[in-house]
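Comments concern the structure below.
The values are calculated or read from the model by the stated rules, or taken from the named source; none is laboratory data. As the structure is a prediction and not an experimental result, all values here were calculated from the model. No Cβ is skipped: glycine too gets one built from the backbone with ideal geometry, and neighbour counts run over all protein chains shown. Calculation scope for accessible area: heavy atoms of the full protein, side chains included, ligands and nucleic acids excluded. Shrake-Rupley method; radii C 1.70, N 1.55, O 1.52, S 1.80 Å.
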Amino acid sequence: LPRMPSSGSKPCPCPSLKLREVASMYFTMIAVFLVILVVALQGSAPAGSDFPYKVPLDPQGLLELSWNVSYPEQVVHFQLLIRDLRFGLLFGMSDRGEFKNADLAVLWSDGHNSYFGDAWSDAQGQLHMDSQQNYQLLGARRAPEGLYLLFRRAFSTCDPKDYLIEDGTVHLIYGILEKPVHSLQAINISAIHRGLQRVQLLKPNITIPELPSDMKTMEIRAPDVVIPSQETTYWCYMIELPNNFPKHHIIMYEPVITAGNEALVHHMEVFQCAAEFDSFPQYNGPCDSKMKPDRLNYCRHVLAAWAMGAQAFYYPKEAGLAFGGPGSSRYLRLEIHYHNPLVFKGRHDSSGIRLYYTATLRRYDAGIMELGLVYTPVMAIPPGEDAFVLTGYCTDKCTELALPAAGIRIFASQLHTHLAGRKVVTVLSRDGRELQVVNADGHYSPHFQEIRMLKELVAVLPGDELITTCTYNTEDRSRATVGGFGILEEMCVNYVHYYPQTQLELCKSAVDPGYLHRYFNLVNRFNDEEVCTCPQVSVPQQFFSVPWNSFNRDVLKSLYSFAPISVHCNTSSAVQFPGKWEKQPLPTITERLPEPVPRCPPTPGPQPAAPIPLDLGRLRR
């Protein structure tokens, strides 16, 4: 029997020696683990100088995102600067910038303690802690300019609640918590200040070519613009090159943004005017003003394009974009898109684009070629469609005739639709086999268009086909959307930048008009409401009068998938190459590219769906 303490003795309140040793070992292990974790996190976090890409998230510039891309690891490292931290923020990604069904990293505070966690929102906008914590916190540090939050995310996590980071546009979303919250679930995303920013996260790793010693610069800037106090403004400014300006090669360009306006200058483009006009009037004002001279509409040849988040654009060492010299217009048009959602008043701006050019011409002139659909109303999208597909063809017959024997090399691409565009992709095919995606954007936005350098050169040979497909959403429209130049009409274009320059400037298609006429006749036969097919009624008017039942929709889709096409295989002077281009058969594709399979990172084993505590001190109200 155990010996009982004597009546005069007191039981010892301390644990036994063995229990103390076990407790000491336990807490020592915890401390060592935390030290190792902190060291590991600090070692994984890139230095501040290692974030080459940067973009303001909000119009006031209170949130600034920097990032880098590791293709070997298939990971994006983020550095988020919060200049005025209240009680936390939400940062994440969603299909088109919605806060429902979003993938989020959340920092929140109850006023005393702060937490970081990977979360997702459901279809009602309710937040949930993710069972897989794939936003990995690397560190948090305070600086005079604000709080830096460092974290990383794999391109693909194979978590159904996570966003798949792909090439193309990414819609980043943010929300600012201005009051303390006691739990993640207590955050009401409909009641917080929030917004979105579009970027290309997966920038290509481009080797910067050596620049020549005789390189000169030219700044094309709109002088002292007072940014209008409205959400969206397109500003046009005309520039004239000096008389007898000789031929040069543009080899690089970069943005020049007025300090303080980084969050307002959304994108910019420099266009060269048509050479057939001897002169163009001066203009400095809104692009949609009635005071803008009509002749400025003939300045459409893109020389440079920049969008928020983009860095400097470099031409390959073998090529440069020619401007100046005989046959080249001396007139350029700068177009700036100001995005001013907070309607600031009296902000002055002199932003623009800086061209780097040389008189030492490179081996090749670079060219720009239009692919996709002709600007014509015969290509139309019914109303109420969530994903209607139209395709334009640059046929083997055209490339066989117009390209040199050694072919061309595509090094950059600018995708373009109007407001209904949601996806754009161009695929190269040869002998009926899809070989390579030239450029694709599965989250395309007409509000974010830039010339993007490709990860690798795409070789196009005579006889190849370039097939451009656009997906549209017209759920908010009550009548058909036809192709054309108007903003409420549609386009499907890929401006590819390539070398060596050829005479082929436009390689596009549209459905044969005769087959479309048969469609309208068929609609008349099978519907009570008659569509006038008489010659004096325009194609848009005929489309507007179609009753858009499921039969008429399905027949139009079928028509576009089998009917012969009219091919435009044009030179730079808008003259077609010789040949028969009407009623051409659609290219036959016998072998398609396989769908890409996301690469899942190694599973680290079960992780608790719990937030990480952070010591950020007491946050201010």
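Here are a few things to note about the model shown:
- Condition check for residue 174: buried (at least 21 other Cβ atoms within 10 Å of the Cβ) and part of a loop (DSSP other than H, G, I, E, B): no
- Residues of the range 511-530 satisfying the condition of being open to solvent by 60 Å² or more (accessible area, probe 1.4 Å) and within 17 Å of residue 483 (Cβ to Cβ): 513, 517
- When residues of the range 137-155 are limited to those that are modelled with pLDDT under 95 and not in a strand (DSSP E or B), the one least open to solvent (accessible area, probe 1.4 Å): 145
- Within the range 210-256, the residues that satisfy the criterion of being surrounded by fewer than 19 Cβ atoms within 10 Å (Cβ to Cβ), in a loop (DSSP other than H, G, I, E, B) and within 25 Å of the chain's Cα centre (by Cα) are 230, 231.
- Residue match in the range 477-494 (condition: outside any strand (DSSP E or B), touching a Leu at 6+ places or on another chain (Cβ under 6 Å) and either open to solvent by less than 10 Å² (accessible area, probe 1.4 Å) or not aromatic (Phe, Trp, Tyr) (or both)): yes
- Residues of the range 113-125 satisfying the condition of being polar (S, T, N, Q), open to solvent by 30 Å² or more (accessible area, probe 1.4 Å) and in contact with a Lys or Arg (Cβ under 9 Å, 6 or more places away or on another chain): 124
- The residues of the range 293-321 that are open to solvent by less than 30 Å² (accessible area, probe 1.4 Å) and more than 19 Å from residue 449 (Cβ to Cβ), listed by number, are 296, 315, 316, 319, 320.
- Any hit, the range 599-615, residues being at pLDDT 95 or above and open to solvent by 90 Å² or more (accessible area, probe 1.4 Å): no
- Looking across 196, 177, one residue alone is farther than 20 Å from residue 311 by Cβ and within 20 Å of the chain's Cα centre (by Cα). It is 196.
- Enumeration of residues in the range 445-467 that are touching a residue at least 40 places away in the same chain (Cβ under 8 Å) and not in a strand (DSSP E or B): 445, 447, 448, 449, 450, 451, 461, 462, 463, 464
- Residue 551 meets the conditions (1) surrounded by 14 or more Cβ atoms within 10 Å (Cβ to Cβ); (2) over 30 Å from residue 303 (Cβ atoms) in every case but one. The failed one is (1).
- The listed residues are 76, 38, 22, 106, and the only one of them that is over 22 Å from the mean Cα position of the chain (by Cα), under 28 Å from residue 610 (Cβ atoms), of a type in the set (A, V, I, L, M) and modelled with pLDDT of 90 or more turns out to be 106.
- Those residues of the range 156-170 which are open to solvent by less than 70 Å² (accessible area, probe 1.4 Å) and either out of contact with any Asp or Glu (no Cβ under 7 Å at 6 or more places or on another chain) or of a type in the set (D, E, K, R) (or both), in sequence order: 156, 157, 158, 159, 162, 164, 165, 170
- The set of residues from the range 55-72 being in contact (Cβ under 8 Å) with a residue 60 or more places away in the chain and surrounded by fewer than 16 Cβ atoms within 10 Å (Cβ to Cβ) comprises 60, 61, 71.
- Scanning the range 361-411 for residues that are more than 30 Å from residue 549 (Cα to Cα), at pLDDT below 95 and open to solvent by 10 Å² or more (accessible area, probe 1.4 Å) gives 368, 370.
- Flag for residue 557 being assigned by the TED database to the domain that holds residue 375, modelled with pLDDT of 95 or more and out of contact with any Lys or Arg (no Cβ under 6 Å at 6 or more places or on another chain): yes
- Within the option set 415, 419, being open to solvent by 40 Å² or more (accessible area, probe 1.4 Å) and either farther than 23 Å from residue 396 by Cβ or in contact (Cβ under 8 Å) with a residue 40 or more places away in the chain (or both) holds for one residue only, 419.
- Of the strands (runs of 3 or more DSSP E) contained entirely in the range 363-444, those carrying at least 3 residues that are more than 30 Å from residue 208 (Cα to Cα) and of a type outside the set (S, T, N, Q) fall at 388-394, 421-430.
- Qualifying positions in the range 259-284 - of a type outside the set (A, V, I, L, M, F, W, C) and surrounded by 16 or more Cβ atoms within 10 Å (Cβ to Cβ): 261, 262, 266, 267, 269, 272, 283
- Residue, farthest from the chain's Cα centre (by Cα), within the range 82-103, restricted to residues that are over 14 Å from residue 197 (Cβ atoms) and part of a strand (DSSP E or B): 88
- On inspection, residue 184 does not qualify as surrounded by 14 or more Cβ atoms within 10 Å (Cβ to Cβ), in the same structural domain as residue 88 (by the TED database) and within 25 Å of residue 341 (Cβ to Cβ).
- Every residue from the range 63-77 that is among the acidic types (Asp, Glu) and not in a strand (DSSP E or B): 73
- Yes/no for residue 213 being without any contact (Cβ under 8 Å) to a residue 40 or more places away in the chain and among the small types (Gly, Ala, Ser): yes
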